[in-house]
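Chemist: One structure is given below, represented as structure tokens, and several questions about it will come after.
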Amino acid sequence: MTTGLLLERVTLRHGDGEDETVALDDVSLHVEPGEIVAVVGPSGAGKSSLLAVAGGLTVPDAGRVVVDGVDLAGPERVRARIRRTRIGYVFQSNNLLPALTAVDQVRLPLTFGRIENPRDPVELLAEVGMEHKSGRRPHQLSGGERQRVGVARALVTRPGVLLVDEPTSALDRRRSHEVLALLAQETHEHHMATVVVTHDHDVLRHCDRVFEMIDGRLTEERPAMA
Amino acid sequence: MFLTLRELAFARGRFALMGAVVALIAVLMVLLSGLSVGLVNDGVSGLQKLPVTSLAFERGVPTDSAFSRSVVDSAAVARWAERDGVTDAAPLGNTLVNAKSDRGTEIDLALFGVQPGSFVDPDPAQGARLGSAPHEIVVSATAIDAGLRLGDTVTLDRIGTELTVVGVLDGQHTFGHVDVGYVPLRTWQEIRAGAGPGDPVPAHAYDEITAVALRTAPGTDLAAGDEAAGTASMTLEESFGASPGYTAETATLGMIQVFLYAISALVVGAFFTVLVIQRKPEIAVLRAMGAATGYVLRDSLLQSAVLLVVSTVVGVAAGVAAGAGLSATPMPFALDLGAVGVAALLLVALGMVGAAVAVLRVTRVDPLTALGGNR
Ligand SMILES: Nc1ncnc2c1ncn2[C@@H]1O[C@H](COP(=O)(O)OP(=O)(O)OP(=O)(O)O)[C@@H](O)[C@H]1O
Ligand SMILES: [Mg+2]
């Protein structure tokens, strides 16, 4: 059984006929547990498509996606359960629910169904440095604070795979730094396979490996720590 | 539950506004229900309280004017009485008159002419039954509210016949919005013929009645009885349609109520449609995080249930309070808690249907949109 995240010869097309775009062109990627990788590339290269496929939000036209040893080919109902129990997403800041306080944002994924051995939402919020603002709603938080709440929300179910989309687009350099350091630390401590999609080259030094995506093709760039 | 309650609290302004609309619809619904029960009472309570199962009218008169036009030969009573299954048959006369009491109260009366001692001769709550004296009248309790007293003399307009109030019935007995007064059949026949005191009465007047009042065993062959007696019988319920204005009133109110239910379902449906469209990004996030469709549906349906139940209860309470005030006025208004309960349930149920249709949209929200860039 493969652990972590495995994409094998994945192809994803959008539209058809004249309009057809190949968003992912024969992409293979294996992220080990405890490893954080970055995916960079120009706009429209297929980075979000990669996360969508890895997270079981779309089924690729060809190829195989395996999360924690579980194949993601299956009906939406089954994929939803895998998303709920094994995958953590960090979306953009405006993807917090406006009605919920910070601590309730973190509790929310635990209300969707049974989760084995979840992390404690209050402790988790303290870990991301947000314990003093746990009663605030998203509109009362800064961009960086929202991002940290989003990270805590993604971690509460102890996912095996963590997918992070443009985490730093709304943040200044110091905040970006903090969020990435947090992601790297959580990845190593809790043995997750983490993929961070970004435009931001500052992010790369926190990552174990860096991939570049151009026109739907994924290539490994260079070891990031160098 | 977790998300539902927090969203309700967070968007309480919006939900309160919508709740106020539903509550006002519920108030209107209670008032309409009271009005229709009141109108039914005013129209036909005098008939509802007759101990009869069917009435046999003249053959060929239109249903909606059977009481005013029907003339049946009193010989039909005997023919009906000998039929199998007919336990009782008695003559019944019906005429609307205007009258004035000796203390100056002007009152309209629906005179029911009955044979004293027959099964349709009522037993009053106060005073005495109709006796052998000719010019007696037993009136509905509502006539007392209108200003009559036991012992009053009532003089009919135009012909000048004088009637003495000898008995008062229990509760409301009205027919076509007019208080019922029972008089001896012979007196009714004279009044019907237009014969005042001292006027000659045409001989045939004493052979004419409006209908034969019947009490029959279940399953009695009424068609055969009609054949034998030369009449056209209606069940008591069918005869309600012959009360003046009854069919038109109930149809109008019924239609208004149907519209009210439809409006409320549409309004609630429209509200939740807008709400779901507005919450689409949030719903996409919920689904991307793996919340099952059922979770998202339950969340929205529970919100609509809370909204509908709370505002219907508030609205019904306000409507009942307003109705209590109206009952004291001369408006035909009577609250029937059963009818209000059914209407409230219907309001909630149809509101839920409207909400459910709207909320089904959440199943079409693509979780993929949650991953997109800036919205
Ligand atoms: N739903 C869709 N229908 C048709 N084409 C699509 C759809 N989604 C994406 N595409 C196309 O697929 C390609 C890859 O899109 P994707 O969103 O993965 O790019 P990206 O690398 O995330 O870009 P960005 O950095 O701007 O977010 C693009 O050419 C885009 O136009
Ligand atoms: Mg993208």
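The values are calculated or read from the model by the stated rules, or taken from the named source; none is laboratory data. Quantities reported herein were computed from a predicted structural model and do not represent experimental measurements. With ideal geometry, Cβ positions are generated from the backbone for all residues, glycine too; neighbour counts draw on all protein chains shown.
Chemist: Any idea which of B:Val114, B:Val139 is modelled with pLDDT of 95 or more and under 23 Å from the mean Cα position of the chain (by Cα)? Break it down stepwise before answering.
Modeler: On the way: B:Val114 fails: under 23 Å from the mean Cα position of the chain (by Cα).
Testing whether each residue is modelled with pLDDT of 95 or more and under 23 Å from the mean Cα position of the chain (by Cα) leaves just B:Val139.
Chemist: Moving to a separate point now. Which residue is surrounded by the most Cβ atoms within 10 Å (Cβ to Cβ), if the candidates are limited to the range A:155-187 and must be more than 22 Å from A:Leu7 (Cβ to Cβ) and within 16 Å of ligand 1 (Cβ to nearest atom)?
Modeler: My answer is A:Thr168.
Chemist: Still on this model: Please state which of the following conditions A:Val210 fails to meet, knowing it meets all the rest: (1) away from chain B (no Cβ under 14 Å); (2) buried (at least 24 other Cβ atoms within 10 Å of the Cβ); (3) closer than 12 Å to A:Val40 by Cα; (4) of a type in the set (Val, Ile, Thr).
Modeler: (2)
Chemist: Is it true that B:Ser304 is more than 14 Å from chain A (Cβ to nearest Cβ) and either crowded, with 17+ Cβ neighbours inside 10 Å or within 20 Å of A:Val78 (Cβ to Cβ) (or both)?
Modeler: When the stated conditions are applied, B:Ser304 passes them.
Chemist: Shifting gears a bit: Hey, could you check the range A:109-135 for residues that are within 7 Å of chain B (Cβ to nearest Cβ) and buried (at least 22 other Cβ atoms within 10 Å of the Cβ) and say which is farthest from A:Ala52 (Cα to Cα)?
Modeler: Applying the filter and picking the extreme gives A:Phe112.
Chemist: For the structure I just gave you, tell me whether A:Leu72 is over 22 Å from A:Arg153 (Cβ atoms), crowded, with 16+ Cβ neighbours inside 10 Å, in contact with a strand residue (DSSP E or B) (Cβ under 7 Å, 6 or more places away or on another chain) and not aromatic (Phe, Trp, Tyr). Let's see the steps before the verdict.
Modeler: Working: over 22 Å from A:Arg153 (Cβ atoms): no; crowded, with 16+ Cβ neighbours inside 10 Å: yes; in contact with a strand residue (DSSP E or B) (Cβ under 7 Å, 6 or more places away or on another chain): yes; not aromatic (Phe, Trp, Tyr): yes.
No; evaluated as a whole, the condition is false for this residue.
Chemist: Have a look at B:Thr231, B:Thr161, B:Thr153, B:Thr142 and point out the one that is touching a residue at least 24 places away in the same chain (Cβ under 8 Å) and surrounded by fewer than 17 Cβ atoms within 10 Å (Cβ to Cβ).
Modeler: Residue meeting the stated conditions: B:Thr153.
Yes/no matrix, rows are residues, columns are (1) of a type in the set (Ser, Thr, Tyr); (2) part of a loop (DSSP other than H, G, I, E, B); (3) within 16 Å of ligand 2 (Cβ to nearest atom):
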{"position": "A:Asp26", "(1), (2), (3)": "no, no, no"}
{"position": "A:Val39", "(1), (2), (3)": "no, no, yes"}
{"position": "A:Ser48", "(1), (2), (3)": "yes, no, yes"}
{"position": "A:Leu51", "(1), (2), (3)": "no, no, yes"}
{"position": "A:Arg79", "(1), (2), (3)": "no, no, no"}
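Chemist: Please tell me if A:Ala154 is in contact with a Gly (Cβ under 6 Å, 6 or more places away or on another chain), within 26 Å of A:Ser43 (Cβ to Cβ) and part of a loop (DSSP other than H, G, I, E, B).
Modeler: no
Chemist: What do you reckon, is A:Gly4 away from ligand 2 (no atom under 16 Å from the Cβ), surrounded by 14 or more Cβ atoms within 10 Å (Cβ to Cβ), within 13 Å of chain B (Cβ to nearest Cβ) and modelled with pLDDT of 90 or more?
Modeler: Spelling it out, it is not the case that A:Gly4 is away from ligand 2 (no atom under 16 Å from the Cβ), surrounded by 14 or more Cβ atoms within 10 Å (Cβ to Cβ), within 13 Å of chain B (Cβ to nearest Cβ) and modelled with pLDDT of 90 or more.
Chemist: OK, next. For the condition more than 14 Å from every other protein chain (Cβ to nearest Cβ), buried (at least 18 other Cβ atoms within 10 Å of the Cβ) and either free of Cβ contacts under 8 Å to residues at least 40 places away in the same chain or at negative phi (or both), what is the one hit in B:Val296, B:Val309, B:Val285, B:Val316?
Modeler: B:Val316
Chemist: From the list A:Pro167, A:Pro118, A:Pro159, pick out the single residue that is within 16 Å of ligand 2 (Cβ to nearest atom), part of a loop (DSSP other than H, G, I, E, B) and within 30 Å of A:Arg77 (Cα to Cα).
Modeler: A:Pro167
Chemist: Got a number for residues in the range B:80-121 being among the hydrophobic types (A, V, I, L, M, F, W, C), in a loop (DSSP other than H, G, I, E, B) and over 20 Å from B:Phe67 (Cα atoms)? Please lay out each step first, then the result.
Modeler: First, the residues of the range B:80-121 that are among the hydrophobic types (A, V, I, L, M, F, W, C): B:80-81, B:86, B:89-90, B:92, B:96-97, B:99, B:107, B:109-112, B:114, B:119-120.
Okay, now just the ones that are also in a loop (DSSP other than H, G, I, E, B), so B:119-120.
Add one more test, that the residue is over 20 Å from B:Phe67 (Cα atoms), and what stays is none.
Qualifying residue count, the range B:80-121: 0.
Chemist: Could you grab me the full set of residues in the range B:329-375 that are in contact (Cβ under 8 Å) with a residue 40 or more places away in the chain, within 16 Å of ligand 2 (Cβ to nearest atom) and part of a loop (DSSP other than H, G, I, E, B)?
Modeler: B:Asp366, B:Arg375
Chemist: What helices (runs of 4 or more DSSP H) lie completely within the range B:146-264 and have 2 or more residues being among the aliphatic types (A, V, I, L, M)?
Modeler: By residue number, B:185-192, B:222-229.
Chemist: OK, next. Looking only at the range A:53-65, filter to residues that are more than 16 Å from ligand 2 (Cβ to nearest atom) and buried (at least 19 other Cβ atoms within 10 Å of the Cβ); which one of those is nearest to A:Glu220 (Cα to Cα)? Outline the logic, then answer.
Modeler: At the first step, the residues of the range A:53-65 found to be more than 16 Å from ligand 2 (Cβ to nearest atom) are A:56, A:59-65.
With buried (at least 19 other Cβ atoms within 10 Å of the Cβ) added as a condition, the list becomes A:56, A:60, A:65.
Numbers: A:Gly56: 23, A:Pro60: 21, A:Val65: 19 Å.
Among them, the one singled out is A:Val65.
Chemist: Which residue is surrounded by the fewest Cβ atoms within 10 Å (Cβ to Cβ), if the candidates are limited to the range B:245-282 and must be within 14 Å of another protein chain (Cβ to nearest Cβ) and within 16 Å of B:Phe15 (Cα to Cα)?
Modeler: Keep residues of the range B:245-282 that are within 14 Å of another protein chain (Cβ to nearest Cβ), which gives B:275, B:278-282.
Still in the list and also within 16 Å of B:Phe15 (Cα to Cα): B:275, B:278-279.
Values: B:Leu275: 20, B:Gln278: 12, B:Arg279: 24.
Going through the qualifying residues, I end up with B:Gln278.
Chemist: Of the residues that sit in the range B:243-281 and are of a type in the set (Phe, Trp, Tyr) and within 30 Å of the chain's Cα centre (by Cα), which one is modelled with the highest pLDDT?
Modeler: B:Phe259
Chemist: Could you go through the range A:91-107 and let me know if any residue there is more than 7 Å from chain B (Cβ to nearest Cβ) and within 27 Å of A:Val22 (Cα to Cα).
Modeler: No.
Chemist: Do we find that B:Ala334 is under 23 Å from B:Phe15 (Cβ atoms) and modelled with pLDDT under 90 in this structure? So that I can check it myself, show each step before the final result.
Modeler: On the way: under 23 Å from B:Phe15 (Cβ atoms): no; modelled with pLDDT under 90: yes.
Spelling it out, it is not the case that B:Ala334 is under 23 Å from B:Phe15 (Cβ atoms) and modelled with pLDDT under 90.
Chemist: Scan the range B:234-261 residue by residue and report those that are without any contact (Cβ under 8 Å) to a residue 40 or more places away in the chain and under 24 Å from B:Leu307 (Cα atoms).
Modeler: B:Val258, B:Phe259
Chemist: Related question: May I ask you to list the residues in the range A:15-62 that are within 11 Å of another protein chain (Cβ to nearest Cβ) and within 10 Å of ligand 1 (Cβ to nearest atom)?
Modeler: A:Ser43, A:Gly44, A:Lys47, A:Ser48, A:Ser49, A:Leu50, A:Leu51, A:Ala52, A:Val53, A:Thr58
Chemist: Report yes if B:Ala343 is within 14 Å of another protein chain (Cβ to nearest Cβ) and either crowded, with 21+ Cβ neighbours inside 10 Å or within 20 Å of B:Ser264 (Cβ to Cβ) (or both), otherwise no.
Modeler: Values: within 14 Å of another protein chain (Cβ to nearest Cβ): no; either crowded, with 21+ Cβ neighbours inside 10 Å or within 20 Å of B:Ser264 (Cβ to Cβ) (or both): yes.
Answer is no for this residue.
Chemist: Yes or no: the range A:95-102 includes at least one residue that is on the phi > 0 side of the Ramachandran plot and touching a residue at least 24 places away in the same chain (Cβ under 8 Å).
Modeler: no
Chemist: Among the candidates B:Met289, B:Met352, single out the residue that is closer than 20 Å to B:Phe259 by Cα and away from ligand 1 (no atom under 16 Å from the Cβ).
Modeler: The unique qualifying residue is B:Met352.
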